[in-house]
Amino acid sequence: MPILSSALGRIKPSPTIAVTNLARELKAQGRDVIGLGAGEPDFDTPEHVKAAAIEAIRRGETKYTAVDGTPELKKAIQGKFRRENGLDYALDEITVGTGGKQVLYNALMATLDPGNEVVVPAPYWVSYPDMVLLAGGTPVPVTCPEQTGFKLRPEDLEEAIGPKTKWVILNSPNNPTGAAYTEAELKALTDVLVRHPQVWVMTDDMYEHLVYDEFRFTTPAQVEPRLKDRTLTVNGVSKAYAMTGWRIGFAGGPKELIRGIGVIQSQSTSNPSSVSQAAAVAALNGDMGFLPERNEVYRQRRDLVVDMLNEADGLRCHRPEGAFYVYPSCAGVIGRRTPAGTEIGTSEDFARALLAEEGVAVVHGSAFGLDPYFRISYATSTEALEEACRRIIRFCGRLEG
Ligand SMILES: Cc1ncc(COP(=O)(O)O)c(C=O)c1O
């Protein structure tokens, strides 16, 4: 009998984490590598958040807490949903997990039976399909082409929904494309969902605060209140507050679902870190004045990267509304050869050769379900980004064929 389960055989390790680790290893060997793979802010956690964590340790808040979050944190989350999203959740309609990732995972584990389908717009965050598979469900990817700004069209959503559909996952702003839905675009999707009362909506709003050019963020249950009793609104502190390492994510949703998520958590990890929960309270209740300045930096970096990549021979880069990613097409370099003799047949070949020959780490598009593209995270210093783009332009300029 094999040691590893058949469930494990259905999934693969996160390719984004693999690229980040490879870039780290090459750097440790002394190679000059610019890593554009990691999906985390290069900014620091705000000082008042750190101070709150230190205070919590001093007060002795170092023990188990309620499995799905302290009352203080749930109140802070309740306030955040009201203030920022116009959503009213009771405290027993809120759950806290070890990162948004755990909340999403628990929700799928708590709800999927074999044969259940989950509609996943592609390009997608790498973890959605694998989490669905691990939970015994079937991911149903729906292509969102570059021509629609990588956004799901209502008619494609309608077509993807069938009798076996349990969830539709929406993610705006999106990882890996940065695409964010306007209120009208979201309404067109929720209009479809209203017509399918058996379908639940999992909205991953992790990048809510990272939007540029006056873009106004909205979330499905806010745009269409009739969906609220079958929507799980997932969010967290990782991206907006530069708190990826603290591992706090949360969700609001119907009580029965929230209870189910808590049951999975109670038999796996129990509560998220007590200290991190205290830090998240300070983040959510605290001043967000640090954000506009950071967002302006992100916006400038986005524009820098988009403009430079559009100069590269064979690349084409769409300018997205949010997050800190761009998703350029590398269709124009497929079939060409690098000076070292590597034939570029796929986006993975492109990413591998770029790393080997120019020391720039990006993530190939096949990992995200729409190819031939690649993902760049611009959550890194402007100097590093400029140098990386220069190397990409040089790399593309030297391709033969
Ligand atoms: C779209 C999306 N959802 C969820 C997460 C997970 O966030 P967390 O670090 O809070 O687990 C990420 C992290 O990269 C993400 O990009």
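Quick notes on this one:
- The accessible area of Ser172, taken with all protein chains in place and a 1.4 Å probe, comes to roughly 10 Å².
- Directionally averaged projected area (the chain, Cα convex hull): 20.6 nm².
- Candidate residues Lys151, Lys228: accessible-area rank, largest first, probe 1.4 Å: Lys228, Lys151
- Legend: residue pairs Lys80/Lys151; Lys74/Lys228; Lys74/Lys166; Lys74/Lys101; Lys166/Lys255, Cα-Cα distance threshold 21 Å; pairs beyond threshold, Lys80/Lys151; Lys74/Lys166.
- With the largest listed first and rounded to whole Å, the semi-axes of the equivalent ellipsoid of the stretch 55-120 from the Cα gyration tensor are 27, 18, 10.
- For the stretch 296-355, the square roots of the Cα gyration tensor eigenvalues, ordered a ≥ b ≥ c, give a/c of at least 1.5 with a/b greater than b/c, which places it in the prolate category.
- Taking a Cβ cut-off of under 14 Å around Pro145, the surrounding Lys, Arg, Asp and Glu residues balance to a net charge of -1, with basic ones at +1 and acidic ones at -1.
- Simple Cβ-charge dipole of the chain, Lys/Arg +1 and Asp/Glu -1, about Cα centre, in debye nearest 20: 820
- Applying a length cut-off of 18 Å (Cα extent along the axis) and a mean Kyte-Doolittle floor of -1.0 to the DSSP H helices of the chain leaves 15-28, 290-309, 382-397.
- Convex hull of Cα atoms in the stretch 153-193, direction-averaged projection (nm²): 3.1
- Backbone N atoms of the stretch 100-138 closer than 13 Å to the 7 Å Cα→Cβ label point of Lys12 belong to residues 126-127, 129-130.
- Accessible area (Å², 1.4 Å probe, nearest 10) - Tyr207: 10
- DSSP beta bridges confined to the chain are antiparallel in about 45 percent of cases.
- Since only Thr45, Thr382, Asn295 are under comparison, the one whose Cα sits farthest along the positive direction of the charge dipole of the chain, derived from C-beta charges on Lys, Arg, Asp and Glu, is Thr45.
- Placing a label point 7 Å from the Cα of Thr138 along the Cα-to-Cβ direction, the residues of the stretch 156-185 whose backbone N falls under 19 Å of that point are 157-169.
The values are calculated or read from the model by the stated rules, or taken from the named source; none is laboratory data. Just so you know, these numbers come straight off a predicted model, no measurement behind them. Ideal geometry is used to build each Cβ from the backbone, glycine not excepted, and the neighbour counts take in all protein chains shown. Areas reflect the complete protein model, heavy atoms only, side chains present, ligands, DNA and RNA absent. Shrake-Rupley method; radii C 1.70, N 1.55, O 1.52, S 1.80 Å.
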